[in-house]
Protein chains: 2
Amino acid sequence: MDVAQVLHMNGGDGDYSYSNNSLLQRKVISMTKPIIDEALANLYSAMNFPKTLIMADLGCSSGPNTLLVASELVKSVDKIRQKFGNDESPEIQIYLNDLPHNDFNTIFLSMSKFQKNLTNQMVSNSSSPCYISGVPGSFYTRLFLSKSIHFVYSSYSLMWLSRVPKMINTNKNNIYLSTTSPPCVIKAYREQFQSDFLTFLKYRAEEMVSGGRMVLTILGRQSDDPCSKECCYVWDLLATSLKDMVAEGLIEEEKLDSFNIPQYTPNPKEVSNEVEKEGSFVIDCLEVSEVNWDACTDNNLNLSKEDVQGYNMGKCMRAVAEPLVLSHFGDSIIEEVFKRYTDNIKISMSGEKTKLVNVTVSMTRIG
Amino acid sequence: MDVAQVLHMNGGDGDYSYSNNSLLQRKVISMTKPIIDEALANLYSAMNFPKTLIMADLGCSSGPNTLLVASELVKSVDKIRQKFGNDESPEIQIYLNDLPHNDFNTIFLSMSKFQKNLTNQMVSNSSSPCYISGVPGSFYTRLFLSKSIHFVYSSYSLMWLSRVPKMINTNKNNIYLSTTSPPCVIKAYREQFQSDFLTFLKYRAEEMVSGGRMVLTILGRQSDDPCSKECCYVWDLLATSLKDMVAEGLIEEEKLDSFNIPQYTPNPKEVSNEVEKEGSFVIDCLEVSEVNWDACTDNNLNLSKEDVQGYNMGKCMRAVAEPLVLSHFGDSIIEEVFKRYTDNIKISMSGEKTKLVNVTVSMTRIG
C-alpha cells in the first residue's frame, strides 16, 4: 500500500464524506483550543508582536473542520493582540497541508464564505486579512521554506504512519495492533511510529523559526501497552466485520491477513521520547484527554439514541477508513463491510462507555 | 454573471478539458521564455543571490501548462545560478494562483511526478527543492503577504476582466466587442480593463519586494481599435454560431443579447498607460508577438489537416469558454453550440491565416 497515494478522508460533501462526518474531530479541536491560545500568546509576545505570522495546519483534511481551525487561529491572534493593547493586527498566512488526494477543491470553494464569516466574527474591524494556501504533500517530507513558519498545528493526523510497518510475520486475523498480535508486529508498529515522528520533527525543525511553537494532537493512548483496548478497540470492531465476511466466504483470508492500518496511537511518553531524541524542541505542555465515541452524534436523524450513536460513529469511521478499505478489498464489498462495522459499533456502544484518547503536546522551537 | 464563480478552464483530463487542449497557450509560454529568463537573471543578480526566491504564477489554470511554468522557472533559476558561479541554490517557493473553481486537485495529484521530473532535468544535483502551494482567489484582490513576493508571472489571464462591464446599451447581436458594438459598450469594456488592470498593479505593488520583477503576457492586439479583427474574430465566430441558433429558435434572442464575454484584449499602449498611472513599476520590456491558431494542432487525430485545425482550435476554445456558455445558456445547447463553433473556426482557418496577438510586459517594482 502506498499510503501517500491511498490515505485520505472521503472527499466531497455526500452522506459518507468526511466533511459531513467529522463532529468527533471537531470536538477534539475545540477541546485543545486553550492550549493553542496559550501557545499563540507566548509566541506573539516572545517574538515582540511581529507584523507577520505564518502558520501551518498539517493534515488539514477537507470540510468544515479545516477552515474552523484556520478561523480559530486568526481569531485567537486577534484576541491576543487586543489583550496586549497592540493596535496593529499582524498579517496572517495559513498553509493548509494534506496528502495530494485530499479534496482541496472543496476547501477552496468555501473560502470566500469563510473570509466573510471571519470578518464578521472578528473583535475589531481593523484586523488584517488572512491569506490561505493549500500545500499538498506528506508531512514526513519537507513542505516549506527553511525558517519560515511561526506556528505549526496538527490534529488527529500524526497517528497516521508514512507506510504500513515492515513485518516479518503477518498480523494474522488482525488489521491493527491487537491482543493477539505477535511481538514482532508490535515492535514493527512502534518502530515505524518512532522513525516517522522523528522525521516529522526533524523537518519541522528546519522549517520553523527559532521561538516558533507547535501544537500537536495525536490519537493516542494512556497505557504503556500499544495493544490496549482504549486505542485498538475501534479497529478491532472493523476486523471482526472483515473476519465474519472471511468466514462466510465473501473475502479471502489472505486478503484480510495482508491488510494493516497504517496507524500508531502513541502514549505521552512515546511522544516526549522522540521530541527529546530529536532535540530541536522543548515541551511546554503534554496532556491527555478523552473523547466519547458519541461526541459525533447529531440530532438530525430520526433514529433511536442507540441507533444514532452507532450510525454516526460508523459514518465517522467510514469517512476516515473507506479509501484504505476500498483500495485493498475493492468496491464490491464496501457497503457490506461498513454495514457490519456500524452494527458492531452500535452493539459495543450500547454495552459500555467507549472513548478515544488524545495526546496533545505543545512545544517551542529552540536554538 | 459572477465572473469569479463562473470563469474557469474546463477541469479534469477529459476530451474537452483544458488540460488536454492548451497547446496554444503552451506555445505562448515557450515564446516568452527569453523574457522570463532575462527578468529572473536581473532579479537574481540585483538582489545579490538571495537564499530564497518566492514566485507566483497568477491564473495558473490546471493541466500540463501549470507545472510546465513552475518547472521552467526553477530550471531558469538553476541555470542563472550556475552562470553566476554561485554554488548554493536558492530555495524556491512557487504559489499557483487561480480562481476557486480552478481544478487544483488535478494539479496537486501530478505534483510528485513533477518533482521527480524536475530533479532529473536539473543541471546540477545540488539544487534545492521547490515548494509549491495553491492559492485560490481573484488576482483583482490581495493574495499574498505584504512585500513577500520576488517574481510574478502570468500568461493568458489578465485579459479576463473581474466582471462583465456595466453597459448602458446592450451589445446587441454580439458577445464581445465587434465592429457593430455601440461606442458606449466599447467605452465600458475599455474602462473595465483600465480599472481592473490598475487594481491588479496596486495589489501586486503591495505584495512584491522592492526590486521584484513581473512578467505578464496578455492576449491583446496591435491596433488602436479595440474592435479590430485580430482580437475579436475568435469571439465573432462563436457569436455567429449563437446567432444562427437564435434564428432557428434554439436560443432566445434576449438570452444572446445579455451574454457578454468578460474579456478585454489591450494593445501595448493601454498596458503601459496603466503601469505609468499606477507608478510602482518601471517597464523593462514591452513586446508584441503573434501565435497562429494552428499552434494548438497535434498529430494524434486521424483527420485531414483542415479538419484537425478547426477541431483543435474548437476544442481549445471550448476548454476555455464552456463554463461561461454553460452558466448562461444551460447544458441543453452546449454540444450544438460548440459543434457549430468548431465548424465556423474550420471554415475561417481554411480561408485565411488566423492568429492571436500577445502583449508581453516585463517590469520591476521600484521604491
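Within the range A:5-22, is there a residue that is farther than 15 Å from A:Leu99 by Cα, at pLDDT below 85, out of contact with any Leu (no Cβ under 7 Å at 6 or more places or on another chain) and assigned to a helix (DSSP H, G or I)? Checking the range A:5-22: not a single residue is farther than 15 Å from A:Leu99 by Cα, at pLDDT below 85, out of contact with any Leu (no Cβ under 7 Å at 6 or more places or on another chain) and assigned to a helix (DSSP H, G or I). Candidates B:Gln192, B:Gln222: the one that is in a helix (DSSP H, G or I), under 12 Å from B:Pro266 (Cα atoms), of a type outside the set (Val, Ile, Thr) and at pLDDT 90 or above is B:Gln192. Of the candidates B:Tyr131, B:Tyr233, the single residue that is more than 29 Å from A:Tyr95 (Cβ to Cβ), of a type in the set (Phe, Trp, Tyr) and either surrounded by 18 or more Cβ atoms within 10 Å (Cβ to Cβ) or touching a residue at least 40 places away in the same chain (Cβ under 8 Å) (or both) is B:Tyr233.
Within the range B:148-182, the set of residues being within 24 Å of B:Pro268 (Cα to Cα), part of a loop (DSSP other than H, G, I, E, B) and among the aliphatic types (A, V, I, L, M) comprises B:Leu158, B:Met159, B:Leu161, B:Val164, B:Ile175, B:Leu177.
Under the condition of being assigned to a helix (DSSP H, G or I) and over 14 Å from A:Ser241 (Cβ atoms), the residues counted in the range A:329-367 number 5. Scanning the range A:87-118 for residues that are of a type in the set (Val, Ile, Thr) and over 18 Å from A:Thr52 (Cα atoms) yields A:Thr106, A:Ile107. Here are the criteria: (1) more than 14 Å from chain B (Cβ to nearest Cβ); (2) surrounded by fewer than 19 Cβ atoms within 10 Å (Cβ to Cβ). Tell me which single one A:Asn174 does not satisfy. With respect to (1) more than 14 Å from chain B (Cβ to nearest Cβ); (2) surrounded by fewer than 19 Cβ atoms within 10 Å (Cβ to Cβ), A:Asn174 is out only on (2). In the range B:82-114, the qualifying residues are those that are surrounded by fewer than 22 Cβ atoms within 10 Å (Cβ to Cβ) and among the charged types (D, E, K, R), and the one that is nearest to the other protein chains (Cβ to nearest Cβ) is B:Glu91. From the list B:Leu73, B:Leu145, the one residue that fits, being in contact with a strand residue (DSSP E or B) (Cβ under 7 Å, 6 or more places away or on another chain), touching a residue at least 40 places away in the same chain (Cβ under 8 Å) and in a loop (DSSP other than H, G, I, E, B), is B:Leu145.
Restricting the range B:186-202 to residues that are touching a Lys or Arg at 6+ places or on another chain (Cβ under 9 Å) and surrounded by 17 or more Cβ atoms within 10 Å (Cβ to Cβ), which is farthest from B:Val164 (Cα to Cα)? This residue is B:Leu201.
Listed residues B:Ser126, B:Ser154, B:Ser146; which is buried (at least 21 other Cβ atoms within 10 Å of the Cβ) and either at pLDDT 85 or above or small (Gly, Ala, Ser) (or both)? None of the other options fit; the residue is B:Ser154.
Of the residues making up the range A:47-60, those that are within 14 Å of chain B (Cβ to nearest Cβ) and either in contact with a strand residue (DSSP E or B) (Cβ under 6 Å, 6 or more places away or on another chain) or of a type in the set (Asp, Glu) (or both) are A:Thr52, A:Leu53, A:Ile54, A:Met55, A:Ala56, A:Asp57, A:Leu58, A:Cys60.
Looking only at the range A:235-283, residues that are more than 13 Å from A:Tyr176 (Cβ to Cβ) and aliphatic (A, V, I, L, M) come to 9 in all.
The values are calculated or read from the model by the stated rules, or taken from the named source; none is laboratory data. Quick caveat, the model's predicted, so the values are computed rather than measured. Note that we place each Cβ from the backbone using ideal geometry, even for glycine, and neighbour counts take in every protein chain shown.
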